[in-house]
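Scroll down for the structure; my scribbles are underneath it.
Only the coordinates and a few stated rules stand behind these numbers; no lab work does. Just so it is clear, the model here is predicted, and its values are computed rather than measured. Note: ideal-geometry Cβ built from the backbone for every residue, glycine included; neighbour counts use all protein chains shown.
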Amino acid sequence: MPYLDVETRGQLVGMRQAGLSFRAIAELNDLSLTTVYKTFQKYQEIGTVTTQKKTGQPTKLNDRDWRQLSRIITRCQRLTVAQVASLMTSLVSTLTIQREINKLGKHSRIAPRKPYLRPQDFQRRLAFAQAHRHWTINEWAKVIWTDESAFELGKRVDQVRVWRTAKFARNGPTGLLPGSLPLHRANGASPVDTRLTLPPANGRQRTHPYSSFQQSMARTKRNTQDGVAGTFARPQSDRKHLEVDEKPNIEALPTSDG
C-alpha cells in the first residue's frame, strides 16, 4: 500500500462518510480499491487518521548498514553469519544478521553441485535415447564411457551453504559448488558425445586406438588447465574447498559504505 499523507487519508475518510462507495473513492483519487479500504479500516480501528507513534525496539541497522550487508552477501555468498557480522561496521549479533539477511529476501541454501537440466538438455537426452533404443548389449559393450560417477552413503560431508534468493538463476553459475561442474565446452564449440567406440580385434580391444584416446584426453586436460579455448574436459575435482579450516577470502570485502 502506498504512503498517504494525513490530508489524503482524511479526504478518503470524509468521502466515505459522505456516502461514496470504496470503488468510487478509488476512481476519483486514482488509488487502488485495497488502499482505500485499508485506510478507512485503519481509521475505524484507531479513531484517527494521524500517524501513530511506533512502539517496540527500533532496528539495529540503519540504511547505510543495510547497503553494506547487502553488498557483503552479494559479493561472497558462502560467508557464515559470524563472518558477515565480523565484517559489519556496526556491532550487531549473529541473530540480528540472520534476521536482516532474511529481510533482504536471501536465505541459507545448500549449493548445488552442478547446474540443473535445461529444456534443451531434456530434448537432447530424449533424442539420444530414441536414436539408440534398438542397440543390443554387444553394441553397448563396444563403447567406452569417459564420465565418472561417485556414490556416498550417509550424510554428505562436503555440503556448502550459500545465501541466495528464491528466484536465483537455476542454470547459472551463481551459488554452484566450486570444482564440481560436469563436462563443459569452451569458445562456443559444438557439443559432442563423450563416448568412444573402439573396433574390436579377435574379441579384444586394440591397443593403439585406446592409447590414442588416453593421449587425447591428457592433451585436453592440459589445454583446459592452460586456458586453451575450444576443448572439452571434465575438470578434475578440486576438493580443497572441502577442508573444514578453509575460509573464503573476505579480506578484500569493504567494511564501510563507499
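Structural size metrics of the stretch 63-109, computed from C-alpha coordinates, are Rg and Dmax of 9.3, 26 Å. Placing unit charges on each Cβ (+1 for Lys and Arg, -1 for Asp and Glu) gives the stretch 6-46 a dipole about its Cα centre, and among GLY10, GLN44, ILE25 the Cα reaching farthest toward its positive end belongs to GLN44.
Charged side chains reduced to their Cβ positions (Lys and Arg at +1, Asp and Glu at -1) give the stretch 6-46 a dipole of some 120 debye around its Cα centre. At the listed q of 0.16, 0.24, 0.32 Å⁻¹, the Debye profile of the stretch 6-46, built from one uniform point per Cα, gives log10 I(q)/I(0) equal to -0.31, -0.71, -1.26.
Less than 9 Å Cβ to Cβ from VAL36, Lys/Arg counted +1 and Asp/Glu -1: what total charge do the surrounding residues give? Show your work: numbers first, answer last.
Values: positive: ARG16, ARG23, LYS38; negative: none.
Counting the neighbours of VAL36, the net charge comes to +3.
Using only Cα atoms, what is the ratio of the radius of gyration of the stretch 33-84 to 2.2 N^0.38 Å? Walk me through the numbers before you get to the answer.
On the way: Rg = 18.9 Å, N = 52, 2.2 N^0.38 = 9.9 Å.
So the Cα radius of gyration is 1.91 times the expected 2.2 N^0.38 Å.
Close amide H partners of VAL160, meaning residues 5 or more places away or on another chain with modelled amide H under 5 Å apart, are ALA111.
Each residue of the stretch 46-55 is assigned a 3J(HN,Hα), and the resulting list reads 9, x, 7, 9, 6, 6, 7, 5, 6, 10 Hz, derived from the Karplus form 6.51 cos²θ - 1.76 cosθ + 1.60 (θ = phi - 60°), x at Gly and Pro. Under a model in which nothing but the beta-carbon of Lys, Arg (+1) and Asp, Glu (-1) is charged, the stretch 1-159 shows a dipole of about 300 debye around its Cα centre. Here the scattering of the stretch 10-132 is modelled by Debye summation over its C-alpha atoms, one equal scatterer each and no solvent; at q = 0.10, 0.22, 0.23 Å⁻¹ the log10 of I(q)/I(0) is -0.69, -1.14, -1.21.
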